[in-house]
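I have placed the structure first, in the form of C-alpha cells, so that the comments after it can refer back to it.
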Amino acid sequence: MAKQKTLTLSINQPLDLGLTLNSGQAFRWHKKDEWFYGTISNMLVGIKQEDKYISILVDEYLPPEHQDTVKNSVKTYLRLDDDLESIYKWISTDDIIKQAIATYRGLRILRQEPWECLVSFICSANSNITRNSSVLKSIAREYGDPLSLGDHIDYTFPRPDRLASLGEDPLRKLGLGFRAKYVASASLMVTAGDLDLSSLMEMPYDEAKENLIRLPGVGEKVADCVLLFSLDKMEACPIDRWVRRAFENWYSIEENLKYNALRTWAFERWGTYAGYAQQYLFQQIRLNSKTYSTV
DNA sequence: ACCATACCTCTCTC
DNA sequence: AGAGAGAGGTATG
C-alpha cells in the first residue's frame, strides 16, 4: 500500500465541507474515517476540514512542485474565491433566507468539471440523489481510469469520446434507464464538436444556456445546474420541485408558474447571486421535509 | 405556443 | 415482506 502525505490549505472563508459535498451538487464523493475521497482535476484526493484549514491527502511521491497545483485545484473546486460573507449580505432579503443561511452556514457552490457535471444532471432527471449517485459511480467504475491513494481506489470520469463509443445499451445496463440515450447522444455531439463546453465559460449566461439546451436530455433546469455548478454563472437558478415548493410555500408565489417566470422572479430578488440563494433554500426545504417524514 | 403524458427503474415507505 | 408511489425533468404529440 502506497504511503500518503498531507498538504495544508488555510482558509478564511465560511466552509462546511461535509454539507457542501453532500448537498446534491456532486455525486461521487465518498466519506471514510472523517476524510472525503473524490477526484478533482482527474486526481484522487482525500479532503478533511480542520479548524482554520483544510487537510488534503495526496500520494507520498507527489512532486513538491505540484503541491501548489493541487492546493489551487482544491481551492478552485470549493470556490474559495467567493467571498461568502458579502454574498450572504447580498441575498439576505428576508427572514426565510436569513434563517437558511444561519442553519447551513458554510454551504458553498462548487466549481466542478463541466463534462462530468453535465452528465450528472442529465442523469438526474426524474431520479433522486441516492440513485443518481450510484449511477454516476457506476459509470466511472466501468469506464473511467482507475486511481489509487493508499488503500483507496477511485476512477476518473470517462471523457466524451469514451462514452460516445459505448452507445446506449451499456449505459442502460448501468441503470440509467431512459436517460441512457440522452447521455449517449450528448456524448456524440460533444465529441463531434457540435458543442464546445470550454467555450461556455466566457459566454454570457443566456448564450451559454441556449447552447447547452441544444443537447438531448438538457432542458431549462439541467442547463441551469450545469451553468451554476461548473460554469461560473452564479445568476443561474435551477428550479426543481423542491425550490418551486420553497417559492410557493415561503414566498407566496402562485402555484404552477412557468419555469422562466420563477427564474425571473428569483433574478429580480437576488440578482447575480440567485444561484446561491437557491442552494440555501433547496437545502432548507429538502432537509425540513426529511425530518417531517421520519417523525 | 402551450399542455398533458410517457418514460426506465431504483429506492423508500407503508 | 411485497407492492406501490414517487423521484433535483425532458421530449413528444
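Every number here is computed from the coordinates shown, using simple stated rules; none is lab data. What you see is a predicted model, and the numbers here were worked out from it, not measured in a lab. Because the Cβ atoms are built from the backbone with ideal geometry, glycine has one as well, and the counts that use them run over all protein chains shown.
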query = So how many Lys-Lys pairs in region A:23-75 land under 18 Å Cα to Cα, not counting same-chain pairs under 8 apart?
reply = 6
message = At 24 angstrom or more along the helix axis (alpha-carbon based) and mean Kyte-Doolittle of 1.0 or higher, what helices does chain A contain? Whole DSSP H runs only.
response = none
note = Restricting to lysines and to Cα separations under 16 Å from A:Lys209, and discarding same-chain partners fewer than 8 apart, the set is A:Lys221, A:Lys233
remark   = Helix-only [θ] at 222 nm, chain A, -39500 (n - 2.57) per DSSP H run of 4+, per residue, nearest 500, equals -15500 deg cm²/dmol
ask   = Relative contact order for chain A using alpha-carbon pairs under 8 Å, separation at least 6, rounded to a whole percent?
value = 19 percent
ask   = In chain A, which longest range has no chymotrypsin sites (Phe, Trp or Tyr not before Pro) that are both DSSP loop (not H, G, I, E or B) and surrounded by at most 11 other Cβ atoms within 10 Å?
value = A:179-295
query = Given the C-alpha centroids of region A:227-295 and region A:101-161, what is the distance between them in whole angstrom?
reply = 22 Å
task = Identify the trypsin sites (Lys or Arg not before Pro) of region A:233-295 meeting these criteria: DSSP loop state and at most 11 other C-beta atoms within 10 Å of the C-beta.
result = A:Lys258
task = Pick out which of A:Pro216, A:Pro114, A:Pro63 has the largest mean-square fluctuation in a Gaussian network model of chain A, springs linking Cα atoms closer than 10 Å.
result = A:Pro63
note = Expected vector for region A:16-26, Karplus 3J(HN,Hα) from phi with 6.51, -1.76, 1.60 and θ = phi - 60°, integer Hz, x for Gly and Pro, equals 10, 4, x, 4, 4, 6, 10, 9, x, 8, 10
